[in-house]
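Take a look at the structure below.
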Amino acid sequence: MSAAAVREYHGKRLLAKHITSLSPQEHSIESRSALVTPTTDLDALPTTEPWLVDPDTKLVVKPDQLIKRRGKAGLVGINLTYPEVVEWISERMDKEIQIELVTGKLDHFIIEPFIPHTSADEHYLCIQSNRTGDEILFCVDGGVDVGDVDVKAQRLQVGIDADLTLDEITQSNLL
């Protein structure tokens with residue numbers, strides 16, 4: 001079975017849209033983010049995303065390319081202004097890098113509001129499809145020091161067309 005990767009940008013937008021629509025006024029996820037590609041005009045981007053230049057909004061920027069351990073590799077810019085983000089991306093766009101045994105060019109980045117927090121506030125979530133449905137991996141540890149999530153994460157297999165109950169989710173220890 002083939003697998004198709006979903007960028008962090010698109011995954012977060014999907015979750016924000018559907019969690020909000022499926023639980024009106026109960027849960028919502030802020031979806032302010034911007035995807036930057038080699039064709040993005042960084043000077044014009046604030047026209048469509050004015051929050052990028054809000055003086056009260058600091059930003060985080062990172063490659064959106066399925067790179068594990070981006071923080072440990074120095075590939076996350078945090079607490080930046082928009083001009084600093086532009087400089088950060090310009091220094092890395094289309095540049096070849098090597099992480100562990102893999103070499104490639106950086107050409108997709110995600111920009112989001114920076115929210116000050118502690119590592120205790122970060123969690124890991126992964127939803128991946130397989131032959132029998134979707135598997136949800138959740139780990140209370142997240143961020144730079146998440147470690148080996150394949151070993152640490154709690155897992156829940158959701159069958160195709162299955163309707164999950166709160167009891168099933170609770171029994172899986174995902175919560």
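Treating the beta-carbon of each Lys and Arg as +1 and of each Asp and Glu as -1, no other charges, what is the dipole magnitude of the chain about its Cα centre, to the nearest 20 debye?
340 debye
Over all directions, how big on average is the projection of the convex hull of the alpha-carbon atoms in region 66-150, in square nanometres? Don't skip to the answer; put the middle values down first.
On the way: hull surface 28.4 nm².
Over all viewing directions, region 66-150 projects a mean Cα-hull area of 7.1 nm².
At 1.4 Å probe size, with the rest of the protein present, what percent of the exposed accessible area of region 77-145 is carbon and sulfur atoms? Before the final figure, lay out the partial values.
Working: 2330 of 4350 Å².
Its accessible area is 54 percent carbon and sulfur atoms.
Gain in length, residue 21 to residue 68, computed as 0.36 nm per residue apart minus the alpha-carbon separation, to one decimal in nm?
Values: separation 47, 0.36 × 47 = 16.92 nm, distance 3.05 nm.
Full extension from residue 21 to residue 68 adds 13.9 nm.
Kindly state, to the nearest 0.05, the FRET efficiency for residue 39 paired with residue 150, given R0 = 41 Å and r defined as their beta-carbon distance.
Numbers: r = 35 Å, r/R0 = 0.85.
Calculated transfer efficiency: 0.70.
In deg cm²/dmol and to the nearest 500, what is the mean residue ellipticity at 222 nm of the chain if only DSSP H runs of at least 4 residues count, each as -39500 (n - 2.57), divided by the residue total? Let's see the in-between values first.
Working: 5 runs with 40 residues, N = 175.
Theoretical 222 nm ellipticity from helices: -6000 deg cm²/dmol.
So, for region 3-122, what is the accessible surface per residue at a probe of 1.4 Å, expressed in square angstrom?
On the way: 7790 Å² over 120 residues.
Counting only protein heavy atoms, the per-residue value for region 3-122 is 65 Å².
When the scattering of region 82-121 is computed by the Debye formula from its Cα atoms alone, each counted once and equally, what is log10 I(q)/I(0) at q = 0.17, 0.19, 0.24, 0.30 Å⁻¹?
Per q value, in the given order, log10 I(q)/I(0) is -0.65, -0.74, -0.86, -0.98.
Which residues among region 62-79 fall inside the zone where the amide N is under 19 Å from a point 7 Å beyond the Cα of residue 87, along Cα→Cβ?
Within reach of a label on residue 87: 62-63, 74-79.
Can you tell me which lysines have their Cα less than 22 Å from the Cα of residue 68? Leave out same-chain residues fewer than eight positions away.
Counting by Cα, and skipping residues close in sequence, residue 68 has these lysines nearby: 12, 95, 105, 152.
Among the trypsin sites (Lys or Arg not before Pro) in region 45-89, which ones are in a DSSP loop with at most 12 other Cβ atoms within 10 Å of the Cβ? Mind listing them? Please report the intermediate quantities before stating the final value.
On the way: sites: 58, 68, 69, 70, 72; in loops: 58, 68, 69, 70, 72.
Sparse-neighbourhood loop trypsin sites (Lys or Arg not before Pro): 68, 72.
Be a star and scan region 147-170 for residues whose amide nitrogen sits under 20 Å from the point 7 Å along the Cα-to-Cβ vector of residue 78.
The answer is 147-149.
Report the percentage of all Cα-Cα pairs in region 17-175 whose separation exceeds 20 Å, rounded to a whole percent. Kindly include the intermediate steps, with their values, before the conclusion.
Values: 7762 of 12561 pairs.
Of all Cα-Cα distances in region 17-175, 62 percent exceed 20 Å.
The values are calculated or read from the model by the stated rules, or taken from the named source; none is laboratory data. Since we're looking at a predicted model, the values are computed, not measured. A quick note on method: Cβ atoms are made from the backbone with ideal geometry, for glycine too, and the neighbour counts reach across all protein chains shown. Areas reflect the complete protein model, heavy atoms only, side chains present, ligands, DNA and RNA absent. Shrake-Rupley method; radii C 1.70, N 1.55, O 1.52, S 1.80 Å.
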